[in-house]
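Chemist: Below: one structure in structure tokens.
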Amino acid sequence: MDQAIPLLVHDEHDEASLQERSRPQVENEENFDVGTAGSRTKWTTSLTSTVKSTNFWAILPHYVQPGGRQKYQAKRSPTSYLDALRGYAAFLVYIYHCWDLPESPIFQFHFLRVPWIGGAGMVAIFFVISGYVLSFRIVKLIRNEESAKLLDTLASSIFRRFLRLYLATGFATFVSACFVYVGWFVPYEDLRQHTVLAQLSNWFGDFIHTSNPFADIQGWIHPKVFFTRYLAQMWTIPVEYRGSIVIFIFCTAACKLTTRARLVLLWIVIFFSYYWRVAYVVEFMFGVFIAELSLVLHPERHGRPALELVPDISTTQSDEKELLRRNRKAWAACATQVASYSLLILGWFLLGQPEPPDLGLSGPWPWQYLHALIPTWYGEAAYTFWPSIAACCVVLAIDLNTTLQRPFEWSFSQYLGDLSFGIYAMHIILIHAVYKPVILVWQKQYLGDSTVAYIPGAVALTLLVFWAGDYFSRVDKKIVQFGRWLQAQLFVKWE
């Protein structure tokens, strides 16, 4: 592109000169020259120099920049599909918050309703993925018995986790505060202040208050939940931080146990967490379980030889035993495939739990019976019970099946994973500041109120959410870099 632009300017100039030589003479020749070829060439040259002097492509989302798609097609880790899964979960949360379930009969089919009613399940998927990602390296080091690296990893993870979550949340709420000040997005009337200084003071006070890591975290949304008033959906951040600390403590306490003892302890924690109605702890701990299981099924992920699907003949006592082993592994692979698809179907079905407070008590089938299985002491947290099980089933199913992972390895899926936090943080602002007061009003005035009429506005808003999420992810990456820099400055190396 850097070469194409000067060539284009040169070609235009030559064409203008040729046209000037071939056209008949007219009156006011000098003004004619200035008004056509000369002015056009000057404008094009100015535009070219402007594009060269500024990083024009940086304005656009990363995916459409030159080389952006190739960047996300590059070699990835065996668990990179998890980032994409988190991106799709964030996208479905955006749909859940923006649009009600369409009235068309086709959307009443249970498996198609999930994007419009499955918000709680998507949050649960966030937590299961976080448990997996945060524990994967730690579990790998435990299995390899690398105590020094384990200590370094735990120290680094705990030190940077607060900064990683709360500084990004602070930036998101700062953007919200700017919208609140100009009156474009006002979730609570008393949030809007009369001066910039007062607005900043109010935002900063809210940020400090909601960054309290020792607050009463109950782990589900309800009227008195602990959250920032500038962005209500960020109630999940204190839960995310608390769940992260639970994982770090568990891994530290269980690092000297045998694998079997560690898994037994893990399931004891999961059982009592359900009993204590802290479903978010179940989700984080189940992520640890999937990480453990993944390293059992794929030992090459922690530097050990991969399991041989076809054993060496020299190591077998007879052809019959070799054939028997092959058949067992083939049946195990088949059973794993069947189990993964069954878990995915079950999990996706449970993600379609009807909205609270009814939770399917009056239908559709079989939610009347599933509702009866929710522990009676769950109260207003009842809606977290089945989505937590659903999220565990979905993530486990995809981890067990490489075929299910392939769509999440596409370049756009990886890009969506890169935007996951940004989509989650920015979509509420754009829904209330742009979509409802501008796009929706225009749509109803010119296109009507049919289901099809919503499509142009939905596409426009989605592109805007992606763009805002892209900008947010750039800031988020700077925050991650800052955490690493601060750690490098403050940590001392032990002998």
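The values are calculated or read from the model by the stated rules, or taken from the named source; none is laboratory data. Predicted model only: the values in this text are computed from it and were never measured. Backbone-built Cβ (ideal geometry, glycine too); neighbour counts: all protein chains shown. Heavy atoms of the whole protein, side chains included, go into the accessibility calculation; ligands, DNA and RNA do not. Shrake-Rupley method; radii C 1.70, N 1.55, O 1.52, S 1.80 Å.
Chemist: Could you work out how far apart the two model spin labels at Ile106 and Thr376 are, taking each label as a point 7 Å from the Cα in the direction of the beta carbon, and quote it in nm?
Modeler: Computed distance between label sites Ile106 and Thr376 equals 4.5 nm.
Chemist: Can you sort Arg326, Arg113, Arg76 by solvent-accessible area, 1.4 Å probe, largest first? Walk me through the numbers before you get to the answer.
Modeler: On the way: Arg326 100, Arg113 30, Arg76 80 Å².
Descending accessible area places them as Arg326, Arg76, Arg113.
Chemist: Mind ordering 276-288, 151-163 by average Cβ neighbours within 10 Å, highest first? Mind showing how you got there, number by number?
Modeler: Working: 276-288: 25.0, 151-163: 15.8.
Per-residue Cβ counts within 10 Å, averaged per peptide and sorted highest first, yield 276-288, 151-163.
Chemist: At 1.4 Å probe size, what's the solvent-accessible area of Asp449? Round to the nearest 10 Å².
Modeler: Number for this one is 100 Å².
Chemist: Could you report the stretch 367-460's accessible area per residue, 1.4 Å probe, as an integer in Å²? Before the final figure, lay out the partial values.
Modeler: Details: 4010 Å² over 94 residues.
Accessible area per residue: 43 Å².
Chemist: Let me ask something additional. Exceeding 27 Å between C-alpha atoms, which entries from my cross-link table qualify? They are Lys149/Lys478; Lys436/Lys478; Lys71/Lys436; Lys71/Lys478; Lys71/Lys149. Don't skip to the end; give the middle numbers.
Modeler: Working: Lys149/Lys478 25 Å; Lys436/Lys478 32 Å; Lys71/Lys436 35 Å; Lys71/Lys478 19 Å; Lys71/Lys149 30 Å.
Table pairs above 27 Å Cα-Cα are Lys436/Lys478; Lys71/Lys436; Lys71/Lys149.
Chemist: Next up: Ranked from highest to lowest mean number of other Cβ atoms within 10 Å per residue, what is the order of the peptides 426-432, 139-145? Spell out each step's value before the answer.
Modeler: Numbers: 426-432: 22.7, 139-145: 18.6.
Top of the packing list down: 426-432, 139-145.
Chemist: Something else about it: If packing is taken as the mean number of other Cβ atoms within 10 Å per residue, what is the order of 331-340, 266-275, highest first? Walk me through the numbers before you get to the answer.
Modeler: Numbers: 331-340: 12.4, 266-275: 14.9.
My ranking of the peptides, most packed first, is 266-275, 331-340.
Chemist: Simple spin-label model, 7 Å along Cα-to-Cβ: Leu200 to Arg406 in nm?
Modeler: 5.4 nm
Chemist: Can you tell me the length gained on complete extension of the stretch Lys477 to Tyr275, counting 0.36 nm per residue apart and subtracting the Cα distance? Please list the in-between numbers first.
Modeler: Numbers: separation 202, 0.36 × 202 = 72.72 nm, distance 3.79 nm.
My answer for the length gained is 68.9 nm.
Chemist: Further question on the same structure: Grab the Cα-Cα distance for Val133 and Glu146, subtract it from 0.36 nm times how many residues apart they are, and report the gain in nm with one decimal. Don't skip to the answer; put the middle values down first.
Modeler: Details: separation 13, 0.36 × 13 = 4.68 nm, distance 1.88 nm.
Extending this stretch completely gives an extra 2.8 nm.
Chemist: I would also like to ask the following. For the stretch 155-167, take each phi angle, set θ = phi - 60°, evaluate the Karplus expression 6.51 cos²θ - 1.76 cosθ + 1.60, and give the result in whole Hz per residue in order, putting x for glycine and proline.
Modeler: Ordered by residue, 3J(HN,Hα) equals 4, 5, 5, 5, 5, 8, 5, 4, 4, 4, 8, 7, 5 Hz.
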